[in-house]
Each structure stands twice: as C-alpha cells, then as structure tokens.
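Structure first, commentary second.
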Amino acid sequence: MKVEMKLKGNMARSVNPNGCKQEVLNQINYVKKQGDYEGTKKALVLGASSSYGLASRITAAFGSHADTIGVSFERGPKDETMLGTAGWYNNIFFKEFAEKEGLIAKNFIGDAFSLEMKEQVIDYIKQEFGGEIDLLVYSLAAPKRTDYKTGITYSSALKPIGQEVSGENINLEKEELFIQTVEPATEEEIEGTVKVMGGEDWEWWVELLKEAGCLAEGFKTVLYSYIGPDVTHAFYHDGSLGVAKEQAEESSKRINKNLKSLNGESLICVSKAVTTKASVVIPILPKYLICLYKVMQEMNLHETPIMHKDRIFRTMLYGTESNYDEKGRLRPDSWELRADVQEKVNNLMAQLTADNFKTDLIAYDLFKKEFFNLNGFDVDGNTNNDVDVAELMRMKP
Ligand code: NAI
C-alpha cells in the first residue's frame with residue numbers, strides 16, 4: 001500500500017514508517033559524525049518518541065553509549081486506514097538500531113503521568129536495568145493529565161493571559177497565511193496548563209525513583225523550557241504555557257534540594273524554537289519560525305532538534321560550556337535570542353504577506369519539510385512510500 005502525507009490544519013493524519021526509519025537513522029548518523037563524548041550511561045527519557053525527547057535519547061545512546069528507557073504515548077497500526085503514529089515507529093526503529101550496537105533500549109508505551117507507569121519503570125530499572133539511572137530527561141508535551149492523587153483530569157490550553165492576541169498564522173494544509181485571534185485563558189485553563197505542563201509530575205517521578213533507590217550518585221535531571229523573544233511572549237512566555245514553565249522552575253529548585261544527598265542536579269534547559277508536533281499548533285508561532293529559520297540558516301546557526309540536543313548534551317550537560325544564566329538555567333537558546341538574529345527576524349516578519357510567504361524571502365519550504373519529516377515524509381535518503389500493513393502490525397516497540 002502507498003502512503004502519502006495527509007494533513008488536517010497543522011496536524012498530520014498519515015505516516016510513512018519507512019521515512020520514520022530513515023529519519024531516525026539520519027539523526028543517529030548526525031550524532032556519530034560528531035564523535036563520542038563522556039555523558040550518561042543509563043538514561044530514562046519521558047516523551048522519548050519524537051522531537052526533543054527522541055533527539056535526547058539518540059544523542060545519549062549514539063554519542064555516549066547509554067542504555068536508555070523511553071516512555072511515550074503513541075498508537076500502533078490497526079488497519080490500512082489507521083497506521084498509527086510516527087512516534088510508534090520511531091520507538092521501534094530506535095530500539096532496532098540501538099540493539100544492533102549492543103545497547104539496551106526499552107520502550108514503555110502509556111501514560112507517563114500515571115502511578116502505574118512510574119511503578120512499571122521503577123520495577124524494570126531494579127530488575128533489568130542495573131538498578132539505577134544517572135539521567136532523567138523530562139520532555140513531555142501533552143494535552144491532558146490525570147492527577148493520580150486526586151483523580152482529577154486537567155487539560156492544557158496554550159493561550160495568552162489577560163488579553164486577546166491576534167496575529168498571522170500558517171495553515172499547512174491549505175498553505176495559507178491567516179489571521180488568528182486567541183482569547184485569553186480563564187483561571188481554570190491556566191491552572192490546567194500548569195498541572196499538565198508544569199513540574200509537579202516531574203517532581204513525583206524524581207521522588208519515587210529516589211525512594212526506590214534508583215538514582216545513581218551524581219544523577220542529573222533536565223526539563224526543557226522555552227522563553228523566546230518579545231514577539232512570541234504574548235502567547236507563550238507571558239501566556240499559560242509560560243506560567244507552567246515558571247512553575248517548573250520552582251519544581252527544579254525543590255528537586256535540587258531533594259538531590260543534594262546524591263550530589264545530583266536538576267536543570268531547566270531553555271531550548272530553541274523548533275518544528276515539532278507540539279510547536280506547530282502553538283498559535284502564531286509558525287509565522288515566527290519561518291522567519292527565524294531563514295535568518296538562522298543564512299547565519300549558519302539553524303538547528304533541528306537533534307543538532308540542538310546533541311550540542312546541549314556534549315557542551316553543556318556533560319561539557320564545560322554550561323553558561324548557566326542568573327537563575328541557574330542552561331541557555332542554548334542564546335543563538336536564537338542573539339540581538340542581530342532577532343533584528344533580522346523582526347525585519348522579515350514586517351515584510352511577510354499572504355502573497356510572499358511561500359517565496360525564498362523566508363524559510364516556509366524548510367519549515368514544511370521539517371514538519372513532513374516528523375511524519376516520515378520527504379525524508380532525505382528515503383524514496384520508499386510503499387508499506388506492508390501486515391508486516392507493520394507485527395512490529396512491536
Ligand atoms: P513532541 O510533541 O514532539 O513530543 C512530546 C512527547 O511526549 C512524545 O514522545 C509523546 O509521545 C509524549 N507524551 C505526550 N503525552 C504523554 C503521556 N501522557 N505519557 C507519556 N508520553 C507522553 O514535543 P516537543 O516539541 O519535543 O516538546 C517536548 C518538550 O520540549 C516540551 O516540554 C516543550 O515545552 C519543550 N520545548 C519545545 C520547544 C519547541 O519549539 N518544540 C522549544 C522549547 C522547549
């Protein structure tokens with residue numbers, strides 16, 4: 001059966017597993033090309049199946065020879081009309097490539113917010129993973145979370161606070177620039193976003209892992225945050241997601257206290273804006289991205305998730321260029337936020353119109369390609385869009 005890219009707005013409705021395999025391999029090859037580094041050897045990655053989480057897992061495994069456990073929420077194939085999610089296949093192929101190198105690559109599919117998942121992972125660490133981990137990457141981007149202590153389910157809402165925000169956005173399905181207006185978040189929506197995208201669940205993971213004796217001396221944990229430039233603040237940094245990320249910084253402080261006895265470290269890593277399943281549905285962000293990419297590409301600064309995470313692991317988390325900011329956070333986003341980059345981005349954003357947004361003036365094509373790549377389409381090195389559904393159904397993560 002042939003597969004082709006199908007979109008609904010900025011969400012993919014199809015997947016090419018062959019392309020996912022090649023994309024995972026391309027990322028592995030990128031890391032291998034940079035050479036080995038001394039980093040994590042036993043890592044747990046929450047949100048391991050795509051973008052920043054997958055990139056973290058790939059650099060850990062193929063740059064630092066780490067055994068890894070990945071937790072993610074993905075769907076497998078059901079029939080010809082439902083082939084499952086890209087992350088499902090990323091898990092399968094990551095495992096296949098890692099095991100070929102003699103590394104452990106265990107996948108857990110399910111709800112990382114649940115107590116059951118925490119218990120399963122802890123049991124596995126104790127019984128089959130050598131008893132301890134030295135790194136926990138928290139890279140979840142989720143629409144919902146059920147708090148297992150109260151049974152209440154919260155939803156996140158990516159909205160501004162205190163004001164309505166209007167701006168242009170891109171519809172990838174229609175290839176149109178359109179005006180989007182986003183209503184301010186209600187108190188309940190802000191609370192929900194903090195519960196889902198803040199740091200509470202991160203703290204719970206660390207507490208349970210520590211209580212179970214699963215954290216190695218010198219253990220590190222990192223959560224990915226975003227700040228971005230002024231033009232994105234109204235709907236991100238100053239919006240409901242920004243409040244959640246600020247709360248995660250408080251969590252990080254508490255985790256740091258909890259880790260003192262292990263000489264451990266909890267870090268917030270403020271990462272750059274990249275094309276991911278989560279970021280393309282953030283209101284108005286895509287318009288900024290297509291201008292940012294053009295500028296960063298021209299200045300030789302453009303990074304995909306694997307380039308960004310690999311640099312962070314090598315030079316910051318396990319390197320000597322941590323450059324902590326005044327709040328103790330890692331700031332690899334400093335390239336994105338450079339004054340000369342942002343000045344050029346602002347100039348481009350001012351020139352952008354519905355007529356010119358697909359031209360060479362900006363990087364719409366690159367943005368679209370990166371988005372297609374997330375779902376296994378238009379991947380460098382893959383031309384095969386033929387899949388055997390029965391064979392796909394047999395493959396397990
Ligand atoms: P993504 O949507 O590509 O990946 C999210 C991951 O979370 C996937 O592996 C998914 O399976 C997993 N997941 C979702 N709900 C889950 C659940 N209930 N249980 C288990 N796994 C679950 O997201 P992306 O963009 O890589 O974001 C990861 C983190 O990086 C987020 O915290 C985000 O705020 C942060 N970040 C993202 C930036 C961007 O531009 N995309 C910029 C800076 C930070």
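The values are calculated or read from the model by the stated rules, or taken from the named source; none is laboratory data. Not measured: the values here are computed from a predicted model. Because the Cβ atoms are built from the backbone with ideal geometry, glycine has one as well, and the counts that use them run over all protein chains shown.
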### Task
Could you please find all residues in the stretch 280-313 being free of Cβ contacts under 8 Å to residues at least 24 places away in the same chain and either among the aliphatic types (A, V, I, L, M) or farther than 18 Å from residue 339 by Cβ (or both)?
311
### Query
Tally time: how many residues in the stretch 343-396 are in contact with a helix residue (DSSP H, G or I) (Cβ under 7 Å, 6 or more places away or on another chain), among the β-branched types (Val, Ile, Thr) and assigned to a loop (DSSP other than H, G, I, E, B)?
3
### Qualifying positions in the stretch 204-233 - surrounded by fewer than 23 Cβ atoms within 10 Å (Cβ to Cβ) and among the small types (Gly, Ala, Ser)
212, 213, 216, 218, 228
### Task
Quick one: which residue in 336, 343 is within 28 Å of residue 225 (Cβ to Cβ), surrounded by 15 or more Cβ atoms within 10 Å (Cβ to Cβ) and among the acidic types (Asp, Glu)?
336
### Task
Check every one of the strands (runs of 3 or more DSSP E) wholly within the stretch 143-222 and list those with 1 or more residues that are within 16 Å of the ligand (Cβ to nearest atom) and at pLDDT 95 or above.
144-146, 153-155
### Task
Could you list all residues from the stretch 231-284 that are touching a strand residue (DSSP E or B) at 6+ places or on another chain (Cβ under 9 Å) and hydroxyl-bearing (Ser, Thr, Tyr)?
251, 252, 266, 271
### Query
Is it the case that the stretch 249-263 has a residue that's without any contact (Cβ under 8 Å) to a residue 40 or more places away in the chain and closer than 20 Å to residue 113 by Cβ?
no
### Query
With 340, 355, 325 as the choices, which residue is closer than 26 Å to residue 10 by Cα and out of contact with any Ser or Thr (no Cβ under 6 Å at 6 or more places or on another chain)?
355
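For residues that are in contact (Cβ under 8 Å) with a residue 60 or more places away in the chain and in a helix (DSSP H, G or I), scanning just the stretch 120-130, find the one that is farthest from the ligand (Cβ to nearest atom).
Here the answer is 126.
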### Query
Can we say residue 312 is among the β-branched types (Val, Ile, Thr), touching a strand residue (DSSP E or B) at 6+ places or on another chain (Cβ under 7 Å) and assigned to a helix (DSSP H, G or I)?
yes
### Query
Can you tell me which residues in the stretch 208-253 are under 22 Å from residue 163 (Cβ atoms) and hydrophobic (A, V, I, L, M, F, W, C)?
227, 231, 234, 235, 241, 243, 244
## Note on the structure
Filter the stretch 234-249 for residues that are surrounded by 18 or more Cβ atoms within 10 Å (Cβ to Cβ) and assigned to a loop (DSSP other than H, G, I, E, B); the one that is nearest to the ligand (Cβ to nearest atom) is 236
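Let's see how each residue does on (1) more than 16 Å from the ligand (Cβ to nearest atom); (2) assigned to a helix (DSSP H, G or I); (3) under 22 Å from residue 220 (Cα atoms):
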residue	(1), (2), (3)
22	yes, yes, no
29	yes, yes, no
33	yes, yes, no
36	yes, no, yes
49	no, no, yes
56	no, yes, yes
## Note on the structure
Log entry, pairs with first residue in the stretch 102-115 being within 16 Å of residue 143 (Cβ to Cβ), second being among the hydroxyl-bearing types (Ser, Thr, Tyr), beta carbons closer than 8 Å, six or more apart or on different chains, reads 111/146; 112/72; 113/146; 113/148; 114/146; 114/148
### Identity of the residue in the stretch 58-85, assigned to a helix (DSSP H, G or I) and touching a strand residue (DSSP E or B) at 6+ places or on another chain (Cβ under 7 Å), that ends up surrounded by the fewest Cβ atoms within 10 Å (Cβ to Cβ)
61
### Task
Take the residues in the stretch 250-271 that are part of a loop (DSSP other than H, G, I, E, B) and in contact with a Ser or Thr (Cβ under 9 Å, 6 or more places away or on another chain), then tell me which one is nearest to the ligand (Cβ to nearest atom).
271
